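Undergrad: Here it is, the structure, as structure tokens.
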Amino acid sequence: MPKEFYIFRHGETELNCQKRWQGSGMDYDLTENGVAQAQRLAAKLQGKGIEIVFSSPLRRAFHTAEIAAAVLGVPVAVENDLRECFYGEAEGRLIIDLQREVPQIVNNWNRPQFWDLRFSGGESKGEALQRVLAVLDRLAEENAAVIGVAIHGGTMASLLNYFGFEFEVIPNCGAFHLIYENGKGTVIGGIF
């Protein structure tokens, strides 16, 4: 039986404002603007039938999940494997510096055919994707019919790549609707 997921990125953090590469090694909370973004996201999620929100353990995603869940009147549960990719030596670095130093990684990160990309000392895009897909597989078998999922820009981009959805950018608190069954998924509409 198909499962519905509403998968959303966390709100803005200080590292987003500074245009730094932020992975699972960087655990920043939301800015004031990030909280407002999460509140607007929660309003967009109302009426979707979400019964529970699962979240990455990182503060930025968990705080976003808490805000959304409070508005929706549903519980939040942490799933450690929903955390962002670990970017190794790129963690916390300015994106502009990384674009100059390792353009082959930065410029291809959101392209679907490059699953083995990794920064030195980090997890590959494909490894992070497999970890997140394993959680979706388990949640699709065990839980409610409509599930919210609070994750990160990198893992969200990998999911969109995997499901064949083309995109330009994923804004903070951007979300998409996924119909998922037996490891296959269809993105309904676009990023909202």
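The values are calculated or read from the model by the stated rules, or taken from the named source; none is laboratory data. Bear in mind that the values here come from a model prediction, so they are computed numbers and not experimental data. Note that we place each Cβ from the backbone using ideal geometry, even for glycine, and neighbour counts take in every protein chain shown. These accessible areas exclude ligands, DNA and RNA; they are computed on the full protein's heavy atoms, side chains included. Shrake-Rupley method; radii C 1.70, N 1.55, O 1.52, S 1.80 Å.
Undergrad: State the number of residues belonging to the range 163-185 that are in a loop (DSSP other than H, G, I, E, B) and touching a residue at least 12 places away in the same chain (Cβ under 8 Å).
TA: 10
Matching residues to (1) of a type in the set (A, V, I, L, M, F, W, C); (2) touching a residue at least 12 places away in the same chain (Cβ under 8 Å):
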residue	(1), (2)
LYS48	no, yes
VAL71	yes, yes
TYR87	no, yes
GLU101	no, no
PHE114	yes, no
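Undergrad: Right, something else. So, PHE165, is that one open to solvent by 20 Å² or more (accessible area, probe 1.4 Å), among the aromatic types (Phe, Trp, Tyr) and in contact with a Lys or Arg (Cβ under 9 Å, 6 or more places away or on another chain) or not?
TA: Answer is no for this residue.
Undergrad: Of all residues in the range 106-117, which are open to solvent by 20 Å² or more (accessible area, probe 1.4 Å) and either under 17 Å from GLN130 (Cβ atoms) or at pLDDT 95 or above (or both)?
TA: Selection gives PRO112, GLN113, PHE114, TRP115, ASP116, LEU117.
Undergrad: Could you tell me whether PHE176 is loosely packed, with under 15 Cβ neighbours inside 10 Å and closer than 21 Å to ILE50 by Cα?
TA: no
Undergrad: Does the range 126-136 include one or more residues that are closer than 30 Å to ALA36 by Cβ and of a type in the set (Gly, Ala, Ser)?
TA: Checked the range 126-136: at least one residue is closer than 30 Å to ALA36 by Cβ and of a type in the set (Gly, Ala, Ser).
Undergrad: Restricting to the range 131-151, give me the number of residues that are surrounded by fewer than 16 Cβ atoms within 10 Å (Cβ to Cβ) and outside any loop (DSSP other than H, G, I, E, B).
TA: 5
Undergrad: Going by the structure shown, is ARG83 touching a Phe, Trp or Tyr at 6+ places or on another chain (Cβ under 7 Å) and touching a residue at least 40 places away in the same chain (Cβ under 8 Å)?
TA: Against the criterion (touching a Phe, Trp or Tyr at 6+ places or on another chain (Cβ under 7 Å) and touching a residue at least 40 places away in the same chain (Cβ under 8 Å)), ARG83 does not qualify.
Undergrad: Would you be able to tell me the number of residues in the range 23-57 that are of a type outside the set (A, V, I, L, M) and within 24 Å of GLY190 (Cβ to Cβ)?
TA: Of the residues in the range 23-57, 14 are of a type outside the set (A, V, I, L, M) and within 24 Å of GLY190 (Cβ to Cβ).
Undergrad: Also: Looking for something in contact with a Cys (Cβ under 7 Å, 6 or more places away or on another chain), among the aliphatic types (A, V, I, L, M) and farther than 22 Å from MET26 by Cα - is there at least one such residue anywhere in the range 37-57?
TA: Taking every residue of the range 37-57 in turn, at least one turns out to be in contact with a Cys (Cβ under 7 Å, 6 or more places away or on another chain), among the aliphatic types (A, V, I, L, M) and farther than 22 Å from MET26 by Cα.
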